[in-house]
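Some notes on the structure that comes next.
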Amino acid sequence: MVPYVVKMAVDIKVSKQESTLVGNYEFYYAAGRLAGLLNTEELTEELPPHDLEKKVKDLLPAWTPGNPEEKYLSYLLDRYEAEDDYNDDIKRMFRIGKGSEKA
């Protein structure tokens, strides 16, 4: 249930282009979405939060979003400051965002 709620929260934020990411669950889901869009293996759920944040922020300037939702996803990720929380459930959110696992 929790993965579905997190997925839905981020998807709504991106589609309505409002609010911010709240916590690492949402951050990892959003980063997973970015990894899927970029088709990159540079972003992975195995990166600890602060390392993933740095890698995401390094990749964002070279990415050209294809639509307003992707542009807002980029905005959300760029503004987010990673927290220390990190566990298997958070890693799962990345895989769900990337599309390699269902919520």
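The values are calculated or read from the model by the stated rules, or taken from the named source; none is laboratory data. Every value quoted in this text rests on a predicted model; they were computed, and no experiment measured them. Cβ atoms come from the backbone with ideal geometry, glycine included; neighbour counts cover every protein chain shown. Just the protein is used for accessible areas: all its heavy atoms, side chains included, with ligands, DNA and RNA removed. Shrake-Rupley method; radii C 1.70, N 1.55, O 1.52, S 1.80 Å.
Going by what's in this entry, would Ala103 be described as at pLDDT 95 or above and either small (Gly, Ala, Ser) or part of a loop (DSSP other than H, G, I, E, B) (or both)? So Ala103 does not fit the description; no. Applying a threshold of 6 Å to beta carbon distances and a minimum spacing of six or more residues, or different chains, the list of pairs starting in the stretch 24-38 at a residue that is of a type in the set (S, T, N, Q) and ending at one that is modelled with pLDDT of 95 or more and open to solvent by less than 10 Å² (accessible area, probe 1.4 Å) reads Asn24/Pro49; Asn24/Ile90. For Asp51, indicate whether it is out of contact with any helix residue (DSSP H, G or I) (no Cβ under 9 Å at 6 or more places or on another chain), without any contact (Cβ under 8 Å) to a residue 60 or more places away in the chain, part of a helix (DSSP H, G or I) and at negative phi. Yes.
Once the stretch 54-64 is narrowed to residues that are part of a helix (DSSP H, G or I) and open to solvent by less than 40 Å² (accessible area, probe 1.4 Å), the residue that is farthest from Leu76 (Cα to Cα) is Leu59. Return yes or no: is Tyr86 among the aromatic types (Phe, Trp, Tyr), under 19 Å from Pro3 (Cα atoms) and within 10 Å of the chain's Cα centre (by Cα)? When the stated conditions are applied, Tyr86 does not pass them. Quick one: is Tyr28 within 10 Å of the chain's Cα centre (by Cα) and either on the phi < 0 side of the Ramachandran plot or open to solvent by 20 Å² or more (accessible area, probe 1.4 Å) (or both)? Yes; evaluated as a whole, the condition is true for this residue. Taking the criterion of being closer than 12 Å to Leu34 by Cβ and not hydrophobic (A, V, I, L, M, F, W, C), the residues of the stretch 76-98 that qualify are Asp78, Tyr80, Gly97, Lys98.
Looking across the stretch 74-94, the residues that are in a helix (DSSP H, G or I), out of contact with any Pro (no Cβ under 7 Å at 6 or more places or on another chain) and either among the polar types (S, T, N, Q) or under 23 Å from Lys16 (Cα atoms) (or both) come down to Tyr75, Leu76, Leu77, Asp78, Arg79, Phe94. Count of the stretch 71-100 residues, restricted to those that are open to solvent by less than 40 Å² (accessible area, probe 1.4 Å) and in contact with a Leu (Cβ under 9 Å, 6 or more places away or on another chain), is 8. For Leu43, indicate whether it is part of a loop (DSSP other than H, G, I, E, B), under 15 Å from Arg95 (Cα atoms) and open to solvent by less than 20 Å² (accessible area, probe 1.4 Å). So Leu43 passes the test.
Give the residue that is most open to solvent (accessible area, probe 1.4 Å), with candidates limited to residues of the stretch 1-23 that are hydroxyl-bearing (Ser, Thr, Tyr) and in contact (Cβ under 8 Å) with a residue 24 or more places away in the chain.
Per the criteria, the residue is Tyr4.
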